[in-house]
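Submitted below is the structure of interest, expressed as structure tokens.
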Amino acid sequence: MSKTLPFRVELKRKIVHLLSLFLPLIYSILEFNIHFIILMIIITSLTLFIDLCRIKIKSFRKHLYYFIGSMIRQYENKGFLSSTYLIISFCLITLLFDKHVVVLSMIIAALCDSVAAIIGQRYGRVTLIYKKTLEGSCSFFICSLVITSLYLFNCSYYLILLISLFATLIELFTPTEYDNLTLPILSAIIIHYGIMI
């Protein structure tokens with residue numbers, strides 16, 4: 001079962017994936033955390049409702065696939081979409097962690113994962129596991145290192161390096177269909193406890 005689509009289609013998926021960067025941007029702007037928590041609960045509920053309708057109702061799925069069918073991976077036909085997992089994980093970390101931890105975790109999940117997928121599929125030559133490539137993982141690590149350095153500029157370089165390395169390993173060792181769920185959650189845990197140490 002192929003877990004990747006033609007490059008042009010994967011590129012479209014990752015452009016859509018990058019739209020999730022609006023969530024940490026909104027969270028950064030909002031003055032009160034409770035407003036964003038309510039927003040995330042609403043977005044997650046709507047996302048789950050739409051995806052469950054897609055899975056259970058054939059006519060709904062037919063109409064939805066007219067617009068997004070080309071971007072659906074084979075394993076998503078009978079389960080949740082990767083975007084649904086991403087929204088669920090964003091909602092969970094919003095409920096469990098401080099604002100700065102959530103924002104950084106969201107940015108890493110949205111941006112670094114997209115960069116890794118695009119670079120890996122376009123230029124990847126050395127396959128590691130789950131059809132992920134060394135080139136993709138290296139680009140994820142570099143992207144994560146830059147973002148974390150900018151966001152946690154007051155923290156030690158060793159902590160920044162550790163967070164970036166762990167996030168890269170989480171993305172690498174998680175099967176493709178679940179990395180949108182594990183990456184934000186486990187990254188948030190690492191950032192949270194890393195900052196506390």
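Taking only Cα atoms and a 10 Å spring cutoff, compute GNM fluctuations for the chain and point out the largest among F80, F173, F153.
Taking springs between Cα atoms under 10 Å, the residue moving most is F153.
Still on this structure, please answer the following. For the chain, give the magnitude of the charge dipole about the Cα centre (Cβ charges: +1 Lys/Arg, -1 Asp/Glu; no others), in debye to the nearest 20.
940
Oh, and also: What lysines could a cross-link reach from K99, if we take a straight Cα to Cα line under 27 Å and drop same-chain neighbours fewer than 8 places away?
Cross-link targets: K14.
So which cysteines of the chain have no other cysteine's Cβ under 4.7 Å from theirs?
C53, C91, C138, C155
Counting only helical runs of four or more DSSP H residues, what would the 222 nm mean residue ellipticity of the chain come to if each run contributes -39,500 (n - 2.57) and the total is spread over all its residues?
Per the formula, -23500 deg cm²/dmol.
Rounded to the nearest 10 Å², what accessible area does I190 have for a 1.4 Å probe in the complete protein model?
Looks like 40 Å² after rounding.
Between Y75 and R125, what is the FRET efficiency for a Förster distance of 25 Å, r being their Cβ-Cβ separation, to the nearest 0.05?
0.50
Below 8 Å between Cα atoms, with a sequence gap of 6+, how large is the relative contact order for the chain in percent?
Value for the chain: 25 percent.
Which whole-number percent is the relative contact order of the range 43-154 (Cα, under 8 Å, 6+ apart)?
19
Which value, in Å² rounded to 10, gives the accessible area of R61 with a 1.4 Å probe and all protein chains present?
60
Additional query: Subtract the Cα-Cα distance of L18 and F153 from 0.36 nm times their separation in residues, and report this length gain in nm to one decimal.
Extending this stretch completely gives an extra 46.2 nm.
The values are calculated or read from the model by the stated rules, or taken from the named source; none is laboratory data. Nothing here was measured: the structure is a model prediction, and the numbers come from that model. So basically every Cβ, Gly included, is an ideal-geometry build from the backbone, and we count neighbours across all protein chains shown. Calculation scope for accessible area: heavy atoms of the full protein, side chains included, ligands and nucleic acids excluded. Shrake-Rupley method; radii C 1.70, N 1.55, O 1.52, S 1.80 Å.
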